[in-house]
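Below: the structure, in structure tokens.
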Amino acid sequence: MKPTPFTLLFAATLLGLAAIWGVLAISLSQPYLGLTLSPQPELGFVWIADVDPDGPAAQVQPGAPLDSVGPISLRPFDLVEESDTAPSYVELEDFLERQEQLYALISAPSVTLTIAEPHAAQVEISPAPSRPIRDLPLVFWVQIVVGLISVIVGVWVWCLRQTLLAPQLLALAGIGIALSAFPAAIYSARELALPSALFRTLSAINHFGTLVFGVAMVSLFLTYPRRLVPAFVLWVITAIFAVVWVMEVFRILSPGPAQAIHLPVVILMLGILAGALAQFWTSRNDPVARAALRWFALAVILGAGTFVLLIIVPNLIGFAPTLSQGFAFLLFVPLFIGVAAGVARDRLFELEGWAFSILFYFVGVLLLLVLDAILIAFVAFERAPAFGLSLLLIALTYLPSRDWLARLITRKRNVNREDLFRRIVDVALTTDRLDQEQGWHQILRDVYQPLNLAQTEQPGPTVPEIHQEGVALSLPGAGRLAPVQLRNAHGGRRLFSLRDKRFADEICAMLAHAISSRDAQEVGASAERTRIARDMHDNLGAQLLSALHSDQLDRKDTLIRQTISDLRDIINNNAQGGKTLGDLLADMQLEARERLALADIGLDWVEEGDANRDLPLAPNLIHSLRSILRETVSNTIRHSGAQKASIKFQLYESSLSLAHRDDGTHITDDPADPGHGSGGSGLANIETRVGALGGSVSWENSTTGFVIRADIPLVDMGAS
């Protein structure tokens, strides 16, 4: 059965842990002195930096040079982290021979340590047969962890895409780092010496792993994301560097470690750079491939490139590296994470921002270190002031340029949000569908510069969505606008990013809000037009028609006056958005006085209470109150024969009370009323209107006069 990805990953992790167990077993099986030794090449001696109080050399005082171990005088190079930094094979063989001799001394039952001033002494100690795990330095664990992470990440990506060459090469590169880091952890973290045969074997495995990593990465860049060379070229490269490794192990035609070991590594790094440039050129019209390439090329160049620059190149030209090779292995952690993300092609649309941020801060740190070194070397600053001044200069000059550099590298244009908002509002207010569609599409083209913009079938997405690893961005429809899909952002130079999606969220929400506001305004305007038309039909039309057919001049005059008043009210309410209760009462008083005066009827108008006097009223409430009072006045004029009328309004917090009284005798519409018999509909109309407002009405007819009372609630009746 074919193993599952989890099984493969679990097996790789177990193998990595087994290798670590072997590395620990070898490291802990070495004899132990209990000394922390520090080489001082500038001064030419080995310094006792610390002493294990529970170790064999507990009686030795730290803070003095260790002159010799037995008869062998110590040299700083005896503690070198990487033996291949020896200038020549003669010196390398001398180093290995001294390692053998020193190992024999510290493996003996006892050994004499000669301490120089200021604690001059000869101390005989009995080395422990094994080294305690607590004595292993941090650099040992760094290399162990880096090797394990490289294997796990490489195999993990391969498990996801087992049939593809790129993940296979990535897994091979991870194994190469482990083959390089695990042996280096043993000899770089040794206390003093190892057997020469073990040292040679570990060094050969380290060099083999380094070449495996380099060949795998060169092959990766020559085949991913586009295959640039046929398969046989990869086999030729592999064969060439296999021969190089064999020649180095057996010292065939090799002038020295620098040429045999470090030069091939530099050549491989140059091959990686050449492959990256070639891939970048061939994928110029493929934003997905370029996004993946941009990410893991940056990771490889910054990780492996920095390792080569800080460790390999100084060794090649004869200078001591300024950084511990063991700690330099940490550079491979972000390298492998970045390469894994690029090869796995996971969320490529996010990689551009991450890649720029890493590049920006990496360059910032590099500038800081270079400036600090210049100030110390050429200006003779102390370390602390030089670092502080360097940090200040970087903060004042480089960091503020981040946005400018981002626009320069990504070639993005700033969007004028004010102008964009104006254009979106214009699109929302456009009545012609074709013009609205063209305006919206032009906004999207100006913002994202896509190579292709096409409408999609309904229903589209409800929110903007990124598709096809960032190649496409789908936007929802709004109003009459259909959903659209944009492809190949910024002329095909890059993918749509999460920042693009967030900005699309903003502009789509802005457009939807503007369109909904316009629609709400149109609904309101349509409702207002309907109300005006209904009022004109029901009131003005009926009143004018009644006036036209009326034979009574006073009634004709009254109807025309009412029509003019209603028309003025409709115009004013429409233009001003409604009246306050106080304004309405004033208008109704004026109209009632005019009508009653024409009928020779006196009016006593009373208003009590100031509650809600400034409340703006909705048009329907204005019309209903006016019609109710107008109907009561009409009843008084037509049916009462009264000489005087009294109208009283009582204003409360939540309601309005009307009491209309006259001294005449009415004929009402109520069959139970003594005055029934006119056949009119005035009181029925009043009752209907008051009921529609949620109020109540009552009337009383007697020989001494007629009274009608109405209570009308004002809650939720304000103008909206």
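Annotations
- Hydrodynamic radius of region 136-209 per Kirkwood, over alpha carbon pairs, in Å: 13.0 Å
- About the Cα centre, charge dipole magnitude for region 147-261 (Lys/Arg +1, Asp/Glu -1 at Cβ), debye: 220 debye
- Overall form of region 1-91 per C-alpha gyration tensor (a/c, 1.5; a/b vs b/c): prolate
- Computed packing ranks the peptides 427-440, 226-239, 186-199 as 186-199, 427-440, 226-239, most packed first, by mean other Cβ atoms within 10 Å.
- Rounded percent of accessible protein surface that carbon and sulfur make up, region 1-138, 1.4 Å probe: 63 percent
- Square roots of 5 times each gyration tensor eigenvalue, C-alpha, region 208-261, largest first, Å: 26, 11, 8
- Sorting 79-89, 117-127, 173-183 by average packing, meaning the other beta carbons within 10 Å per residue, from highest down gives 173-183, 79-89, 117-127.
- Other residues whose C-beta falls under 12 angstrom from the C-beta of Gly641 contribute a net charge of -1, scoring Lys and Arg +1 and Asp and Glu -1.
- The percentage of C-alpha pairs in region 26-181 whose separation is greater than 18 Å is 67%.
- Where only C-alpha atoms are counted, convex hull volume of region 577-656 per residue in Å³: 82 Å³
- Residues whose amide H falls under 5 Å from that of Gln30, counting only those 5 or more places apart or on a different chain, are Arg131, with hydrogens built in the peptide plane.
- The phi-based Karplus calculation (6.51 cos²θ - 1.76 cosθ + 1.60; θ = phi - 60°) puts the 3J(HN,Hα) values of region 127-137 at x, 6, x, 9, 9, x, 5, 5, 7, 5, x Hz, whole numbers, x for Gly and Pro.
- Residues whose amide H falls under 5 Å from that of Ile115, counting only those 5 or more places apart or on a different chain, are Asp67, Ala121, Gln122, Val123, with hydrogens built in the peptide plane.
- Computed over neighbours whose Cβ is under 13 Å from that of Trp47, the net charge equals -4, Lys and Arg +1, Asp and Glu -1.
- For region 81-97, Karplus couplings with θ = phi - 60° (6.51, -1.76, 1.60), whole Hz, Gly/Pro x: 6, 10, 5, 6, 7, 4, x, 8, 5, 4, 5, 5, 5, 4, 4, 5, 5
- Rounded to whole Hz, the Karplus (6.51, -1.76, 1.60) HN-Hα couplings of region 42-49, x for glycine and proline: 5, 9, x, 9, 9, 9, 7, 7
- Per-peptide average of other Cβ atoms within 10 Å, ordering 473-485, 274-286 highest first: 473-485, 274-286
The values are calculated or read from the model by the stated rules, or taken from the named source; none is laboratory data. Predicted, not measured: the structure shown is a model, and the values here were computed from it. When we count neighbours, we look across all protein chains shown, and the Cβ atoms used for this are built from the backbone with ideal geometry, even at glycine. Protein only, heavy atoms only, side chains kept; ligands, DNA and RNA dropped before computing areas. Shrake-Rupley method; radii C 1.70, N 1.55, O 1.52, S 1.80 Å.
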